[in-house]
Structures are given as C-alpha cells and as structure tokens.
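The values are calculated or read from the model by the stated rules, or taken from the named source; none is laboratory data. Note that the structure is predicted; figures quoted are calculated from it, not measured. Here Cβ is always computed from backbone atoms with ideal geometry, including for glycine, and neighbour counts include all displayed protein chains. Accessible surface is based on the protein model in full, side chains and every heavy atom, while ligands, DNA and RNA are left aside. Shrake-Rupley method; radii C 1.70, N 1.55, O 1.52, S 1.80 Å.
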Amino acid sequence: MLTKEKLLSQIENEKQAILQRGEDFFLCAELGFSEVKTAKEITNLLDEWGVPYQKEVAVTGVVATLGKGDGYHIAFVADIDALPRKGGLGNIHSCGHSIQTTMALSVIKALLASGIMEQTDCKVSFFFTPGEEYIDFSYREGLIAHGKIEFLSGKQNMIALGCFDGVDCVLSAHANGDVGTKFDVGSTLAGFMAKKAVFVGRAAHSGAAPHLGRNTLHGAILAMNAISFLKDQFDPQRGLRLNPVLTEGGGSVNVIPEETVLETYVRANDNETLFEACRRVDACLELCAKALELQCIITNTAGYLPLKQSAALNQTVKKNMLLFSKPEEIVENPVSGASGDVGDLGFLIPTIQFGFSGIKGRFHDDTFAIADYENCYITSAKVMLGTIYDLLMEKTCRVYPKEFERRKKDYLSTLRRKN
Ligand SMILES: [Zn+2]
Ligand SMILES: [Zn+2]
C-alpha cells in the first residue's frame, strides 16, 4: 500500500514546476466568467496528463475527475477568478485564487503520479470554479439575460447544473491575511441576501386631491417600522443585521409619490436565521403594501450563505497541518466577516475551507503579493493531499451529506424566488 509519505513526496519532486505554474497563474488574472486563458491553461495541462474533464461549465468552469469507482466521492474546489486593479489598469489576483488553482493542479499531478487512484474505488473531482468574487454585476446580469448563467456566482451555477450531485464532501483552501502563523482551521464566513422592494401606487395632486392617490412612501415607511420591530424577535446571537434604506421615494412636494424603492441586505451567521429572516422581511414588505392598497415587487439577489464547516473533516485537516507546523502556528475557529460562495456548498455537503498564510500587502488591493512561496504553494498542497489520502484510506474519516436532495431543492427555490 502506498504510504502518505510517498504520496507527499510527489509534491517535492514537482516543486520547481509548481512554483513556475503558480507564477504563471498569478499573472493570468481574469475577472469572473471571463477566465478564458486560465481555463485554457488548466485544460492544456489536463490534456497533457490524460485526465478527463468537462469544460465551459457555467461559462468558464472546468471539472476534472480522477478515479472510476463508485465509492466515496471527494470534491476539491478551487476558485479561478481575479479582481480589477485600481484605475482600470487590468486585473490582479488580489484574493489569491491563482494559488488555489495551482494547488488543485499540484494535487491532481501527485495523485496521478503515485498511482493511488488505481488502489481505491473512490473518486476525487476537481472543480475549477469561476466568478467567486461578488462584483461586475452588469456583465453578469447580461450573461443571465442571455441564458448563459442563472445566478451571479460560479458555485451557485454549478450547484444548479447538478455538478455537485453525488459528491460526499468538499475540500477547499484560501489564502488568509495572518502574519506569524501558518494555517487557520474552522473559520466562519458570514452570509447575506440582497433585497430590493419597489412599492407601486398612484400619483395625485397632493393639495387638491391627495385621497385619489396611493402614497408609496407611506407603504415603505410602514414596512421600515415593521422590519425594525421584527429585529426584536430574533436572538442577538443569531447575528441578524437589517438596515433598510430608501433609494427612491417622492420627487415633488406637490405630488403623491407613486413609486418608492426600499433596499436592504439581510445578513446572518447561520442559514436558518437567514432563510427565516428573508421570509419574514418579505411578509413585512408585502403586507404593509397591501394594507395601504399598494403593490410591492420584491427582487432578491442571492448573496452567499454563511459557511459552517464540518468539524469532523477539520479534525483530519488539522492532523495534517500538524505534520508541518507547531500547534501555535495554527489559528483555530477564527470569526471572519468575509463571505464566499463556498458557504452555499457547506449548506448542502460537509465542507471545509482551511486558510494558509504567506501573503504580504492587503487583500482586494493592488498591494497584494505572495511572500512565503513555500507555505502558499508547497506546504498547503501537502496538507490538502494528506487530507485526501486519509479520506481515501481511512473509512472512519469520512462524512456524508444529509438530506442533500431536500436541501438542494430548498436552496434553489430560495435563490429563484423573486417575489
Ligand atoms: Zn476575495
Ligand atoms: Zn477569495
């Protein structure tokens, strides 16, 4: 039987190629759903290595699978998109997604070269996911209008396309901004949903015949009150944040306003709170409008779900981190205000996203740069590969999704609900 040590040595053998690949992907920075060159570089390598794949999944995504058996199915998810530089000067991988892309390819190459997949009935699928950053809405809305995608983010579309059906667990890693440590494990990510409510009424002369109008500002203000009373009914621990603003409402003091727009994010720390709050905010909006004979048209733009990581999987991840770092170099369960579409996967399937340090400069800023190549490209890949080894070899490490079908149905109907 292949030892873990032997498998991990494949990363050392490939070190120079990995570092070069990392540099190439870092410089190939493309925005979400435009990652054409990046996808081409990925599929060129997969062709060279003889790995079967599907391309152009959700426009620019690539899915490659190793192993032919029908046993345990592990997914490794790697983001591939970048962010714009300041002042329209091209793009930059200022969230470090190129490191994830590189890591996925390092793991594929190591699994292939070791021959381990021939000794198991398990599968490992690699999802190169486009459009993780929640940006560039007009371009993405155009893609939605042309039927190219259904939702704003890569993983959301891949879930809807059924790419994750049959997957038993999801592994991922993301660069973190920590200094003086090597890894983090069990971090949270916040979740949010964006809501826009258009109140439609009837204009009238506000002096001569206000009673003939239907004042939409009144409806919106009534709803604002209902929403602030609603907050009182949620335990503060659930992290509900509702701060509605009126972005349109009334233009002239002489006219009863016939259209008012209220917008809010619904933010929460867990899925149950997010779903319940969305449903009850809709009720506040719709019923307050109805009370005053107004119409209310609600548009939901799906943000990302909060990430709740699989504690069982993280035990295995941490065990592998400890092969390369001291306990004090691992940050456990940090709370993060950031969001990511990996949160959506975590709602459906046991999921982890560990963090690795080695970045200098600021995230989402042109100062972002890789400082510790060894930790970003080599040690992190070994932690991921070691975790995959344990899942392939030790049945006791494995976890499975619960009620995947029902959860996916609920999830998609929430995303698709417009009013
Ligand atoms: Zn980011
Ligand atoms: Zn990111």
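The figures follow:
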read-out: Test: ARG362 is of a type in the set (Lys, Arg), surrounded by fewer than 22 Cβ atoms within 10 Å (Cβ to Cβ) and within 16 Å of ligand 2 (Cβ to nearest atom); value: yes
read-out: Every residue from region 34-57 that is within 18 Å of ALA110 (Cβ to Cβ) and aliphatic (A, V, I, L, M); value: ILE42, LEU45, LEU46, VAL51
read-out: So PHE199, is it of a type in the set (A, V, I, L, M, F, W, C), within 16 Å of ligand 1 (Cβ to nearest atom) and either surrounded by fewer than 23 Cβ atoms within 10 Å (Cβ to Cβ) or outside the structural domain of ALA75 (by TED's automatic domain parsing) (or both); value: no
read-out: Elements of type helices (runs of 4 or more DSSP H) in region 323-418, at least 2 residues being within 16 Å of ligand 1 (Cβ to nearest atom) and touching a residue at least 60 places away in the same chain (Cβ under 8 Å); value: 342-348
read-out: Members of region 209-219 that are free of Cβ contacts under 8 Å to residues at least 60 places away in the same chain and open to solvent by less than 80 Å² (accessible area, probe 1.4 Å); value: ALA209, PRO210, GLY213, LEU217
read-out: Count of residues meeting criterion [assigned to a helix (DSSP H, G or I) and open to solvent by 80 Å² or more (accessible area, probe 1.4 Å)] in region 1-11; value: 2
read-out: Any chance LEU83 is within 16 Å of ligand 1 (Cβ to nearest atom), modelled with pLDDT of 95 or more and hydrophobic (A, V, I, L, M, F, W, C); value: yes
read-out: Residues being charged (D, E, K, R) and touching a strand residue (DSSP E or B) at 6+ places or on another chain (Cβ under 9 Å) - total across region 114-151; value: 4
read-out: ALA39 being within 26 Å of the chain's Cα centre (by Cα), at pLDDT 95 or above and not hydroxyl-bearing (Ser, Thr, Tyr); value: yes
read-out: Condition met for SER98 (within 20 Å of LYS15 (Cβ to Cβ), open to solvent by 10 Å² or more (accessible area, probe 1.4 Å) and touching a residue at least 40 places away in the same chain (Cβ under 8 Å)); value: no
read-out: Extreme residue, modelled with the lowest pLDDT, among residues of region 326-345 that are open to solvent by less than 20 Å² (accessible area, probe 1.4 Å) and within 16 Å of ligand 2 (Cβ to nearest atom); value: GLY340
read-out: Residue check for ASN269: open to solvent by 10 Å² or more (accessible area, probe 1.4 Å), among the polar types (S, T, N, Q), at negative phi and under 20 Å from the mean Cα position of the chain (by Cα); value: yes
read-out: Scan of region 23-81 for residues that are over 25 Å from GLY147 (Cβ atoms) and β-branched (Val, Ile, Thr), ordered by number; value: VAL51, THR65, ILE74
read-out: Residues of region 70-99 satisfying the condition of being away from ligand 2 (no atom under 14 Å from the Cβ) and of a type in the set (A, V, I, L, M); value: ILE74, ALA75, LEU89
read-out: Unique match (being of a type in the set (D, E, K, R), open to solvent by 10 Å² or more (accessible area, probe 1.4 Å) and under 27 Å from THR65 (Cβ atoms)) among ASP121, ASP184; value: ASP121
read-out: All positions within region 33-55 that are small (Gly, Ala, Ser) and in a helix (DSSP H, G or I); value: ALA39
read-out: Residues of region 121-139 that turn out to be at pLDDT 95 or above and more than 16 Å from ligand 2 (Cβ to nearest atom), as a count; value: 7
read-out: Matching residues in region 148-199 - criterion: being more than 16 Å from ligand 2 (Cβ to nearest atom), modelled with pLDDT under 95 and among the small types (Gly, Ala, Ser); value: GLY180, ALA194
read-out: Region 280-311, residues that are modelled with pLDDT of 95 or more and open to solvent by 50 Å² or more (accessible area, probe 1.4 Å); value: ARG280, GLU286, LEU287, LYS290, ALA291, LEU292, GLU293, GLN295, ILE297, ALA311
read-out: Matching residues in region 226-245 - criterion: being within 20 Å of LEU292 (Cβ to Cβ) and either touching a residue at least 40 places away in the same chain (Cβ under 8 Å) or surrounded by 17 or more Cβ atoms within 10 Å (Cβ to Cβ) (or both); value: ALA226, ILE227, LEU230, PRO244
